[in-house]
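Asks: Structure below; questions to follow.
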Amino acid sequence: MNQSPVGKLPPGQLEGSIFRFCGASRPEVLIGPGIGEDAALIRWPDGKYVAVASDPIVGASAGAGKFLVHINANDIACKGGDPSFFVVTLLIPSRQGISMVEGLMREIHEACLSIGAAVVGGHTELTDRYDQPVLVGTMMGPTEYVHRATDILPGDRLILTKHAGLEGMAILASDRPDLLEPFIGPDGVREAAGWLNAISVLEEAKCLRDLARFLHDPTEGGIGGGIAEIMRLSGLGAELDYGKIPLSPLTERARQGLGFDPFHLISSGVLLAVVAPEHEEEALARLEKKGIPAASAGRFVQGPGNCPDSVAEELWSLLGRPREE
């Protein structure tokens, strides 16, 4: 049995299973995680802003710690920032015990190392109140940019990286391969499951942050939902060339077989970048040089445009489809 006593982890377990997984070592961290330390203390660079973002994960399977880091880091990158300091709260059912805590912290540590972020604090607790783990991350990072959707002008171009429904297809491949395999085969399922390794947008955000008027990471609601959110923030419509929206052949085959809309399939790992017309070619050239697939797929306009104002998500109905006996 893995079950452990309910409550905060005792000092010995904190030191053995938490404090040795603190991501990157950063000189700005004056006080980091420690027994009796109530908060981290970070020296902040002069003349910059701090970007802060927080997202949870309810339920945890293999890779959840890595995913927690990257979904929070993406939000900082979309403000032109460098994800640097991570705070993590883990509420873990006591029956799953310290082994799950240590496994998650190892994933978090390795993901933070990969992007140069330090784990600077948090809270870890074993509980009998929840059946599923609850993970909450808060990422902070310095930025010199102030990107506002209200700065978007009619005529500005919309650039998309990677391909629509990337995250949703990866989740389906991991959680419901039975749905996908009849249409994309076992090799396709394995390929789609690997798309979770492309969930970060840090590289493309760094490429474009000095050119962009606005950057956005479309999560629930997919690319369509992400564009609708930009429309609401900016007060503009979007005129899209739907044929230019990147779509993997695997996703197209799954769409035809299952009858869903990839435009509204959760799409973490895709970056939506709004740039002025005179920066469009430069933005695409930079992404191509980095080997990041991208396309210019529309522009912002006065009035409604042709993009629906909808954040509907396709994933949940797909996951809820009955399994064949």
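The values are calculated or read from the model by the stated rules, or taken from the named source; none is laboratory data. Please read these numbers as outputs of a predicted model, since none were measured by experiment. All Cβ positions, glycine included, derive from the backbone under ideal geometry; neighbour counts span all protein chains shown.
Asks: In segment 141-184, how many are in contact with a helix residue (DSSP H, G or I) (Cβ under 7 Å, 6 or more places away or on another chain) and more than 23 Å from Ala285 (Cβ to Cβ)?
Replies: Number of matching residues: 20.
Asks: Any idea which of Arg323, Arg299 is surrounded by 18 or more Cβ atoms within 10 Å (Cβ to Cβ) and of a type in the set (Lys, Arg)?
Replies: Criteria check complete, one pass: Arg299.
Asks: From Ala193, Ala238, Ala228, Ala254, grab the single residue that is out of contact with any helix residue (DSSP H, G or I) (no Cβ under 9 Å at 6 or more places or on another chain), in the same structural domain as Thr161 (by TED's automatic domain parsing) and surrounded by 18 or more Cβ atoms within 10 Å (Cβ to Cβ).
Replies: Just a single option satisfies the conditions, and that option is Ala228.
Asks: Further, regarding this structure: Please list, ordered by first then second residue, the pairs with beta carbon atoms under 6 Å, 6 or more apart or interchain, first in segment 119-133 and in contact (Cβ under 8 Å) with a residue 12 or more places away in the chain, second part of a strand (DSSP E or B) and among the charged types (D, E, K, R).
Replies: The qualifying pairs are Glu125/Lys8.
Asks: Identify the single condition in (1) within 17 Å of the chain's Cα centre (by Cα); (2) closer than 22 Å to Leu319 by Cα that Leu202 does not satisfy, given that it satisfies every other one.
Replies: (2)
Asks: Within segment 144-157, identify whether any single residue is in contact with a Lys or Arg (Cβ under 8 Å, 6 or more places away or on another chain), surrounded by 18 or more Cβ atoms within 10 Å (Cβ to Cβ) and among the charged types (D, E, K, R), and answer yes or no.
Replies: Checking segment 144-157: at least one residue is in contact with a Lys or Arg (Cβ under 8 Å, 6 or more places away or on another chain), surrounded by 18 or more Cβ atoms within 10 Å (Cβ to Cβ) and among the charged types (D, E, K, R).
Asks: If Pro83 passes every condition in (1) at pLDDT 95 or above; (2) touching a strand residue (DSSP E or B) at 6+ places or on another chain (Cβ under 8 Å); (3) under 30 Å from Asp241 (Cα atoms); (4) in a loop (DSSP other than H, G, I, E, B) but one, which one does it miss?
Replies: Condition not satisfied by Pro83: (3).
Asks: Would you mention how many residues in segment 259-290 are more than 20 Å from Arg157 (Cα to Cα) and surrounded by 17 or more Cβ atoms within 10 Å (Cβ to Cβ)?
Replies: Result for segment 259-290: 6.
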